[in-house]
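**Student:** Could you have a look at this structure, given as structure tokens, before my questions?
The values are calculated or read from the model by the stated rules, or taken from the named source; none is laboratory data. Remember, it's a predicted structure, so these values are computed and weren't measured experimentally. Here the Cβ positions follow ideal geometry from the backbone for every residue, glycine too, while neighbour counts run over all protein chains shown. Surface areas here come from the heavy atoms of the whole protein model, side chains and all, with no ligands, DNA or RNA. Shrake-Rupley method; radii C 1.70, N 1.55, O 1.52, S 1.80 Å.
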Amino acid sequence: MFEIKPFWQNYIDGAWVDGGAGRIDVTDPATGNVIAQHALADAVDVDRAVMAARRVHLSGVLTDMRPIKRGRMVQAMGRFLKEHRERLAYLLSREQGKPIWESEIEIDGAALYFEYYGNQASTVEGRSIPLGSGYFDFTHYEPFGVSAQIIPWNYPLEMTARSLSAALATGNAVVIKTPEMTPLTNYIFAEAAEHVGFPKGTVNVLCGLGSDAGAALSAHPMVNQIVFTGSVPTGIAIASAAAKNVVPCVLELGGKSAAIVHSDADLEAFETDLRWGIYFNAGQVCSAMSRVIVHESRHAELIERAVKVASDLTVAPGETLKDMAQGMGSMVSHGQRDRALNMVKEAQDQGATLATGGSAPNNAGAFLNPTVMDVTPDMTIARDEVFGPVLSVMKFTQDDEAIKIANSTDYGLVSGVFTTDLDRANRAAQKLRAGQVFVNEWYAGGVETPFGGYGKSGYGREKGREALWNYVQTKNIAMKIGK
Ligand code: NAD
């Protein structure tokens, strides 16, 4: 148990400051109680942060530095996070609702990004292009300059770490707009940047309303690149603002990801995939396994196993849940919980069968009991993102039909296929319209593997070496040499 200070400031140009838009309450969703207030930035604060980052960029201090040195600083930021793991985990669970053990996983994951991209800093190499005698031509990569990063509330630490580490490794300065509901833990990135010696103005961290600070940041003419993780409507608003300044974006948006479970799949092992796939972070994961499309011969068994997985989970305040066996925390807010509950009710009205859950425990927290629904592909719940612990199970007869159902939403973030037949897995992997396909393990992959969506799930890729190219632009230098 740690004390939570009552008021938290923004970090602009190396100083902790109040916000021009006042303050916002931060609520513990497990109790509904306000645990702190955070400064709210306005457009003036945003401008100061962007101009500070621009000053750092134009000074050349980040680009003049040998990349291996910059990489070491990025790695040291990850170690700094780990040094504060216990306190951060407590804070994250209190502001977001997730169990302590999940917060620890998130912090370790965040630290891993700094380790991975710190390592990559010196590997961003250009190439030489033969032009015949008399010329020497080569490419090299330069940072965009000011990278604006707009963060969602479901993984505030990991999402920031993912883009911040890659942006710094490639020599950008950064302005982070933290989420209104979970802004507290992001303070660590300001402290880490200062601790490892990045000049003031390199990393700016501010909380503000999306419609105010978020909009001002995405429309700021001195921002050179934007990374956004969040919902589709906000992604469209940000990309539209960026387009007016001809600024590139990476959009990581929502999903309605499906696992296809064939008749030959190991359903006992699949219980673990269900546990992680839909009940991790109470289902508030963009790449959650929110749909299972199971062969009709195993449909009844799968529902039975899913109900068992769901009913075995205790739902309790995150700060009391120290290990995985203990269960699932609350959702991030009562608003999100009620939205999910309404979607369950609407599905029932459309003819879906509630196998378990679909209700809220009788307490003050934003809890939703782990839910399993038997649905058909035409229902709204089979297409729209719930962003909660709600599994939709459908059945199929022919392999092609399963792929058609899986591909039938506007999204395309991830998908999975569960079978012991390699040919069948390979065929599905080729045909599934998603940025990542898991075979026989949901969430297989890691910081090393590119992640991002098809369709309305967004564009650009985060994670892996592929993501580095989001943060740099190519310069070609063509030299006439000799006579
Ligand atoms: P959201 O779009 O409401 O908010 C995300 C961020 O955008 C917040 O910081 C918010 O303040 C800001 N914002 C809101 N309006 C803005 C505007 N007009 N201009 C600029 N910024 C604005 O999303 P959310 O509710 O926080 O997150 C849930 C959604 O995010 C889900 O749909 C989920 O699937 C998606 N998500 C995707 C990923 C991914 O990696 N693909 C990860 C996490 C969440």
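**Student:** Looking at 235, 210, 201, can you tell me which residue is under 25 Å from the mean Cα position of the chain (by Cα) and more than 19 Å from residue 471 (Cβ to Cβ)? Can you show your working first?
**Tutor:** Details: 235 fails: more than 19 Å from residue 471 (Cβ to Cβ); 201 fails: more than 19 Å from residue 471 (Cβ to Cβ).
Matching residue, one of 235, 210, 201: 210.
**Student:** If you go through the stretch 130-149 one residue at a time, do you hit one that is under 17 Å from residue 188 (Cβ atoms) and open to solvent by 10 Å² or more (accessible area, probe 1.4 Å)? Break it down into steps so the answer makes sense when it comes.
**Tutor:** Initially, the stretch 130-149 is screened for residues under 17 Å from residue 188 (Cβ atoms), giving 149.
Next cut, open to solvent by 10 Å² or more (accessible area, probe 1.4 Å) only: none.
No, the stretch 130-149 contains no residue that is under 17 Å from residue 188 (Cβ atoms) and open to solvent by 10 Å² or more (accessible area, probe 1.4 Å).
**Student:** Could you count how many residues in the stretch 427-468 are in a helix (DSSP H, G or I), under 22 Å from residue 166 (Cβ atoms) and either in contact with a Gly (Cβ under 9 Å, 6 or more places away or on another chain) or open to solvent by less than 80 Å² (accessible area, probe 1.4 Å) (or both)? First the steps, then the outcome.
**Tutor:** The first filter runs over the stretch 427-468 and keeps only residues in a helix (DSSP H, G or I), leaving 427-431, 455-457, 465-468.
Filter once more, keeping what is under 22 Å from residue 166 (Cβ atoms): 457, 465-468.
With either in contact with a Gly (Cβ under 9 Å, 6 or more places away or on another chain) or open to solvent by less than 80 Å² (accessible area, probe 1.4 Å) (or both) added as a condition, the list becomes 457, 466-468.
Number satisfying all stated conditions: 4.
**Student:** Specify which of the listed residues (155, 90) is open to solvent by 10 Å² or more (accessible area, probe 1.4 Å) and within 14 Å of the chain's Cα centre (by Cα).
**Tutor:** Of the residues listed, the single one that is open to solvent by 10 Å² or more (accessible area, probe 1.4 Å) and within 14 Å of the chain's Cα centre (by Cα) is 155.
**Student:** Given (1) within 30 Å of residue 406 (Cα to Cα); (2) within 22 Å of the chain's Cα centre (by Cα); (3) away from the ligand (no atom under 16 Å from the Cβ), where does residue 268 come up short, assuming only one miss?
**Tutor:** (2)
**Student:** Among the candidates 435, 460, 388, single out the residue that is within 14 Å of the ligand (Cβ to nearest atom) and on the phi > 0 side of the Ramachandran plot.
**Tutor:** Sole residue among the options that is within 14 Å of the ligand (Cβ to nearest atom) and on the phi > 0 side of the Ramachandran plot: 460.
**Student:** When you scan the stretch 126-133, do you find a residue that is modelled with pLDDT of 95 or more, under 29 Å from residue 41 (Cα atoms) and basic (Lys, Arg), even just one?
**Tutor:** No.
**Student:** Which residues, taken from the stretch 215-230, are within 17 Å of the chain's Cα centre (by Cα) and within 7 Å of the ligand (Cβ to nearest atom)?
**Tutor:** 228, 229, 230
**Student:** Out of (1) of a type in the set (A, V, I, L, M, F, W, C); (2) surrounded by 18 or more Cβ atoms within 10 Å (Cβ to Cβ); (3) touching a Phe, Trp or Tyr at 6+ places or on another chain (Cβ under 8 Å), the odd one out for residue 324 is which?
**Tutor:** (2)
**Student:** So which residues in the stretch 180-214 are among the hydroxyl-bearing types (Ser, Thr, Tyr) and away from the ligand (no atom under 16 Å from the Cβ)? Step through it out loud before you land on a result.
**Tutor:** Looking only at the stretch 180-214, we keep the residues that are among the hydroxyl-bearing types (Ser, Thr, Tyr), and these are 182, 185, 187, 202, 211.
Within the stretch 180-214, just 202 meets the criteria.
**Student:** Another question, then. Of 294, 285, which residue is in the same structural domain as residue 312 (by TED's automatic domain parsing), near the ligand (Cβ under 10 Å from one of its atoms) and β-branched (Val, Ile, Thr)?
**Tutor:** Details: 294 fails: near the ligand (Cβ under 10 Å from one of its atoms).
Being in the same structural domain as residue 312 (by TED's automatic domain parsing), near the ligand (Cβ under 10 Å from one of its atoms) and β-branched (Val, Ile, Thr) holds for just one of 294, 285, which is 285.
**Student:** Report, ordered by the first and then the second residue, all pairs with beta carbons closer than 6 Å, sequence separation of six or more or different chains, a first member in the stretch 26-54 that is free of Cβ contacts under 8 Å to residues at least 40 places away in the same chain, and a second member that is open to solvent by less than 10 Å² (accessible area, probe 1.4 Å).
**Tutor:** Here the result reads 48/12, each pair linking the stretch 26-54 to a residue that is open to solvent by less than 10 Å² (accessible area, probe 1.4 Å).
**Student:** So in the stretch 180-197, with the set limited to residues that are out of contact with any Cys (no Cβ under 9 Å at 6 or more places or on another chain) and in a loop (DSSP other than H, G, I, E, B), which one is surrounded by the most Cβ atoms within 10 Å (Cβ to Cβ)?
**Tutor:** Out of the qualifying residues, it is 182.
**Student:** Here's something else I'd like to know. Out of 211, 163, 218, 231, I need the residue that is under 21 Å from residue 121 (Cα atoms) and hydroxyl-bearing (Ser, Thr, Tyr). Which one? Lay out the reasoning, then the answer.
**Tutor:** Numbers: 211 fails: under 21 Å from residue 121 (Cα atoms); 218 fails: under 21 Å from residue 121 (Cα atoms); 231 fails: under 21 Å from residue 121 (Cα atoms).
The conditions single out 163.
**Student:** Take residue 99 and decide whether it is out of contact with any Phe, Trp or Tyr (no Cβ under 9 Å at 6 or more places or on another chain) and open to solvent by less than 20 Å² (accessible area, probe 1.4 Å).
**Tutor:** Yes, satisfied.
**Student:** Is one or more of the residues making up the stretch 60-80 in the same structural domain as residue 122 (by TED's automatic domain parsing), open to solvent by 50 Å² or more (accessible area, probe 1.4 Å) and under 30 Å from residue 322 (Cβ atoms)?
**Tutor:** yes
**Student:** Of everything in the stretch 362-404, what is out of contact with any helix residue (DSSP H, G or I) (no Cβ under 8 Å at 6 or more places or on another chain) and open to solvent by 10 Å² or more (accessible area, probe 1.4 Å)? Give them in sequence order.
**Tutor:** 362, 363, 364, 378, 383, 385, 398, 400, 401, 404
**Student:** Could you check residue 128 against (1) within 16 Å of the ligand (Cβ to nearest atom); (2) free of Cβ contacts under 8 Å to residues at least 24 places away in the same chain; (3) among the small types (Gly, Ala, Ser) and say which number it fails?
**Tutor:** Looking at each condition in turn, residue 128 falls short on (1).
**Student:** Additional query: Quick check on the stretch 232-250: of everything there that is in contact (Cβ under 8 Å) with a residue 24 or more places away in the chain and within 8 Å of the ligand (Cβ to nearest atom), which residue is surrounded by the fewest Cβ atoms within 10 Å (Cβ to Cβ)? Full working, then the answer.
**Tutor:** Of all residues in the stretch 232-250, those in contact (Cβ under 8 Å) with a residue 24 or more places away in the chain come to 232, 234-235, 238, 241-242, 244-245, 247-250.
Within this subset, residues satisfying the condition of being within 8 Å of the ligand (Cβ to nearest atom) are 232, 234-235, 238, 241.
Numbers: 232: 17, 234: 20, 235: 22, 238: 25, 241: 20.
Among residues in the stretch 232-250 that are in contact (Cβ under 8 Å) with a residue 24 or more places away in the chain and within 8 Å of the ligand (Cβ to nearest atom), the one surrounded by the fewest Cβ atoms within 10 Å (Cβ to Cβ) is 232.
**Student:** Next question. Go through the stretch 463-483 and report how many residues are at positive phi, away from the ligand (no atom under 13 Å from the Cβ) and touching a residue at least 60 places away in the same chain (Cβ under 8 Å). Break it down into steps so the answer makes sense when it comes.
**Tutor:** Keep residues of the stretch 463-483 that are at positive phi, which gives 463-464, 482.
Subset that is away from the ligand (no atom under 13 Å from the Cβ): 464, 482.
Next, only the ones that are touching a residue at least 60 places away in the same chain (Cβ under 8 Å) stay: 482.
Of the residues in that region, 1 qualify.
**Student:** Anything in the stretch 148-179 that is outside any strand (DSSP E or B), free of Cβ contacts under 8 Å to residues at least 60 places away in the same chain and within 10 Å of the ligand (Cβ to nearest atom)? List them, or say none.
**Tutor:** 158, 179
**Student:** May I pose another question? Please verify whether residue 424 is farther than 18 Å from residue 336 by Cβ, within 16 Å of the ligand (Cβ to nearest atom), surrounded by fewer than 23 Cβ atoms within 10 Å (Cβ to Cβ) and not polar (S, T, N, Q), treating the condition exactly as stated. Can you show your working first?
**Tutor:** Working: farther than 18 Å from residue 336 by Cβ: yes; within 16 Å of the ligand (Cβ to nearest atom): no; surrounded by fewer than 23 Cβ atoms within 10 Å (Cβ to Cβ): yes; not polar (S, T, N, Q): yes.
It is false that residue 424 is farther than 18 Å from residue 336 by Cβ, within 16 Å of the ligand (Cβ to nearest atom), surrounded by fewer than 23 Cβ atoms within 10 Å (Cβ to Cβ) and not polar (S, T, N, Q).
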